[in-house]
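Trainee: Before we start, here is the structure in question, set down as structure tokens.
The values are calculated or read from the model by the stated rules, or taken from the named source; none is laboratory data. Keep in mind the model is a prediction, meaning the values are calculated, not measured. Glycine also receives a Cβ, built like all others from the backbone with ideal geometry; neighbour counts cover every protein chain displayed.
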Amino acid sequence: MIAGSGDQRWESELGPVPVISVGNLSWGGNGKTPMVEYISRLLVDSGISPLILTRGYGGGDEAKMLERHVQGGPTKIGVGANRAATAASFLKKARTSSEKLGSVILDDGMQHWSLCRDLEIVMVNGLNPWGNGNLLPLGPLREPLAALERADIAVVHNVHLMTEQSLIDVENTIHGFKNLVPIFFSKMVPKHLFHVKNAMSHVSLEALRDATVLCVSAIGSADAFVKSIGRTGARYVDRLDFSDHHVFGAQDVETMRKRAKELEHIYKSKPIIVVVTEKDYDRDPEILKCLDSCTTLVLCSELQITPYKGTDVDGFKSTLGRVLYTKFFVCS
């Protein structure tokens, strides 16, 4: 069910539309958008065409990345701050065309209280799950931890970079607020790279082996990005971190160029390879092309559910389907 106000129920040509919300409690690096894409692929594989609703926050980098990944397929993406109005527009079009929309996915929907949802997935950044425990602006929390009670499924992200004790602590915290909520585990897996001047190019991760790499990012959790580059076999990995959703300007490009020159001098290695995330590329592809004195590549990664403590991909799929069926088809 989607509701814009009151108990309004929206329907597609298939009848009432189930809504899956993917959200988080703490700011940045939780894997929300990759999970949205992952779920959309699961739905498409099951013959269901989803509509992804995203705000387009911070220059729309996440929306642009999603559009590039799903273009040509049955998944639709609606961008706009008023996601209720956006959804209504897409569902109306679907009823008067051959397009079939069978589900809605809310990207960053946990705090979007005006929209009802049938399933709430809460993503947790395992590298910094709750920060200092304070709400914004004193800490990273967008809501008190008690909001975990609303979760139907919890997913601990960046699990491969966590210690065993950290995992136990996160699980205990989640189950302390909702004892029986199923917990799954995920990570981002690097797949390949492409040149900033050609998004259709395909560069193997082997290009980074034994290279000196400068990681440049303006994302919520740069640590996971930098560590993933380190695992490619790069000889040395340096980093330039900007605030989340920062829009690169000419001065930033000059800073990148200067740091690359410094690395070249120190390590007697040329060219220095500058690697950025897809979100940074999609925020403004043109500005990064100005780094013409450096080999600049974009890292493409995808979310995977990681087998751990008896959970796996099949378990996630079955739990997703079971909870959605129970809450939507039985309780509606």
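Trainee: Report every pair of residues separated by at least 6 positions or lying on different chains whose Cβ atoms are under 7 Å apart, first residue within the range 302-323 and in contact (Cβ under 8 Å) with a residue 24 or more places away in the chain, second small (Gly, Ala, Ser).
Mentor: LEU303/GLY31; LEU303/SER186; GLN304/SER186; ILE305/SER186; THR306/SER186
Results for (1) assigned by TED's automatic domain parsing to the domain that holds SER243; (2) surrounded by fewer than 19 Cβ atoms within 10 Å (Cβ to Cβ); (3) not in a strand (DSSP E or B), shown as yes or no for each residue.
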| position | (1), (2), (3) |
| --- | --- |
| SER21 | no, no, no |
| THR33 | no, no, yes |
| VAL44 | no, yes, yes |
| GLY73 | no, yes, yes |
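Trainee: Mind telling me which of the residues LEU214, LEU127 ends up being in a strand (DSSP E or B) and either crowded, with 17+ Cβ neighbours inside 10 Å or in contact (Cβ under 8 Å) with a residue 24 or more places away in the chain (or both)? Can you show your working first?
Mentor: Values: LEU127 fails: in a strand (DSSP E or B).
After ruling out the rest, the residue left standing is LEU214.
Trainee: Does the range 242-268 hold any residues that are touching a strand residue (DSSP E or B) at 6+ places or on another chain (Cβ under 6 Å) and surrounded by fewer than 16 Cβ atoms within 10 Å (Cβ to Cβ), and which are they?
Mentor: TYR267
Trainee: Something else now. Can you spot a residue in the range 83-97 that is in a loop (DSSP other than H, G, I, E, B), touching a Lys or Arg at 6+ places or on another chain (Cβ under 7 Å) and over 27 Å from MET200 (Cα atoms)?
Mentor: No, the conditions are met nowhere in the range 83-97.
Trainee: Name the residues in the range 101-115 that are assigned to a loop (DSSP other than H, G, I, E, B), out of contact with any Lys or Arg (no Cβ under 9 Å at 6 or more places or on another chain) and under 20 Å from TYR325 (Cα atoms), would you? If you could, list the steps in order and put the result at the bottom.
Mentor: Initial filter on the range 101-115 (assigned to a loop (DSSP other than H, G, I, E, B)): 101-102, 108-115.
Among the residues that remain, those that are also out of contact with any Lys or Arg (no Cβ under 9 Å at 6 or more places or on another chain) are: 102, 113.
Scanning the range 101-115 gives a single hit, GLY102.
Trainee: Can you tell me how many residues within the range 46-71 are assigned to a helix (DSSP H, G or I) and among the basic types (Lys, Arg)?
Mentor: Final tally of qualifying residues: 2.
Trainee: From GLU120, GLU99, which residue is crowded, with 20+ Cβ neighbours inside 10 Å and either in contact with an Asp or Glu (Cβ under 7 Å, 6 or more places away or on another chain) or assigned by TED's automatic domain parsing to the domain that holds ASN24 (or both)?
Mentor: GLU120
Trainee: How about the range 177-203: which of its residues are surrounded by fewer than 18 Cβ atoms within 10 Å (Cβ to Cβ), in a strand (DSSP E or B) and among the charged types (D, E, K, R)?
Mentor: The one that is surrounded by fewer than 18 Cβ atoms within 10 Å (Cβ to Cβ), in a strand (DSSP E or B) and among the charged types (D, E, K, R): LYS191.
Trainee: From ARG235, ARG209, ARG259, grab the single residue that is basic (Lys, Arg) and touching a Gly at 6+ places or on another chain (Cβ under 9 Å). Even if it seems obvious, please write down each step before you answer.
Mentor: On the way: ARG235 fails: touching a Gly at 6+ places or on another chain (Cβ under 9 Å); ARG259 fails: touching a Gly at 6+ places or on another chain (Cβ under 9 Å).
After ruling out the rest, the residue left standing is ARG209.
Trainee: Sticking with this structure for a sec: Taking the options PHE185, PHE194, name whichever one is touching a helix residue (DSSP H, G or I) at 6+ places or on another chain (Cβ under 8 Å), in contact (Cβ under 8 Å) with a residue 24 or more places away in the chain and among the aromatic types (Phe, Trp, Tyr).
Mentor: Residue meeting the stated conditions: PHE185.
Trainee: What is the one condition in (1) touching a Phe, Trp or Tyr at 6+ places or on another chain (Cβ under 8 Å); (2) farther than 25 Å from VAL19 by Cα; (3) modelled with pLDDT under 95; (4) hydrophobic (A, V, I, L, M, F, W, C) that LEU101 does not satisfy?
Mentor: (2)
Trainee: Something else about it: So is ILE219 within 30 Å of VAL122 (Cβ to Cβ), outside the structural domain of ARG68 (by TED's automatic domain parsing), among the β-branched types (Val, Ile, Thr) and not in a strand (DSSP E or B) or not?
Mentor: yes
Trainee: Another one. Could you please give the count of residues in the range 162-176 that are in a loop (DSSP other than H, G, I, E, B) and either closer than 30 Å to LYS258 by Cβ or not polar (S, T, N, Q) (or both)?
Mentor: At the first step, the residues of the range 162-176 found to be in a loop (DSSP other than H, G, I, E, B) are 162-163.
The next check asks that each one be either closer than 30 Å to LYS258 by Cβ or not polar (S, T, N, Q) (or both); those that pass are 162.
The qualifying residues number 1.
Trainee: Taking ARG150 as meeting all but one of (1) free of Cβ contacts under 8 Å to residues at least 40 places away in the same chain; (2) farther than 16 Å from PHE316 by Cβ, write down the number of the exception.
Mentor: The single condition ARG150 does not satisfy is (1).
Trainee: Just to be sure I understand the filter: pairs with C-beta atoms under 7 Å, separated by 6 or more residues or on different chains, first member in the range 102-116 and closer than 16 Å to MET35 by Cβ, second member outside any strand (DSSP E or B) and β-branched (Val, Ile, Thr). Which pairs pass?
Mentor: Taking only residues 6 or more apart or on different chains, the pairs are SER103/VAL17; SER103/ILE48; VAL104/ILE2; VAL104/VAL17; ILE105/VAL36; ILE105/ILE39; ASP107/THR33; ASP107/VAL36.
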